[in-house]
Amino acid sequence: MTTRRLRDGRAGALLVALAATVLTVTGCSGGQAGAVTPTVTVEGAQRVELRYAGGVVEGGVARIAIPAGSTVELVVASDVADEVHLHGYDRSSFVTAGATTTLRFVADLPGVFEVELEQRGHPLAQLEVS
């Protein structure tokens, strides 16, 4: 085996290892929104529960499909005090550290709307109303 072939083989193996590392890191980073299905309450509301702790959203920042016209109960638990803000609908509620808050509204505007911890600018979820 020539030195050139050996070097090319090592470079190829290095590229494969690098690509695997990049895929692993980006797959675990929560960079892409996952899919979450809300539960339906006895009253027929779409209940979405989010938990923020240690600087991250449990399960990652998800895109949640909501049927247009539904009543939504957005329940946020947090280990920090902040304002939970639903953009587009301009709804907000304050959550104290170690507690939960609930935003209840009718999903009558179609589109994708971010839910975030307002003061931290930290996204919690995206609601996709259609």
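Assorted remarks:
- Inspection of region 71-89 identifies no residue that is within 15 Å of Leu124 (Cα to Cα) and modelled with pLDDT under 95.
- Only residues that are surrounded by fewer than 17 Cβ atoms within 10 Å (Cβ to Cβ) and over 14 Å from Val75 (Cα atoms) were counted across region 98-122, and they come to 12.
- If you check Ala53, Ala68 for being of a type in the set (A, V, I, L, M, F, W, C), at pLDDT 95 or above and more than 19 Å from Thr101 (Cα to Cα), only one passes: Ala68.
- Residues located in region 90-99, provided they are in contact with a Ser or Thr (Cβ under 7 Å, 6 or more places away or on another chain) and closer than 17 Å to Gln126 by Cα: Ser93
- Entry remark, region 31-43: residues being in contact with a strand residue (DSSP E or B) (Cβ under 7 Å, 6 or more places away or on another chain) and either over 20 Å from Thr100 (Cα atoms) or at pLDDT below 90 (or both) number 4 in total.
- Qualifying positions in region 40-70 - among the β-branched types (Val, Ile, Thr), under 14 Å from His122 (Cβ atoms) and assigned to a loop (DSSP other than H, G, I, E, B): Val61
The values are calculated or read from the model by the stated rules, or taken from the named source; none is laboratory data. What you see is a predicted model; the values in this text were computed from it and never measured. Note that we place each Cβ from the backbone using ideal geometry, even for glycine, and neighbour counts take in every protein chain shown.
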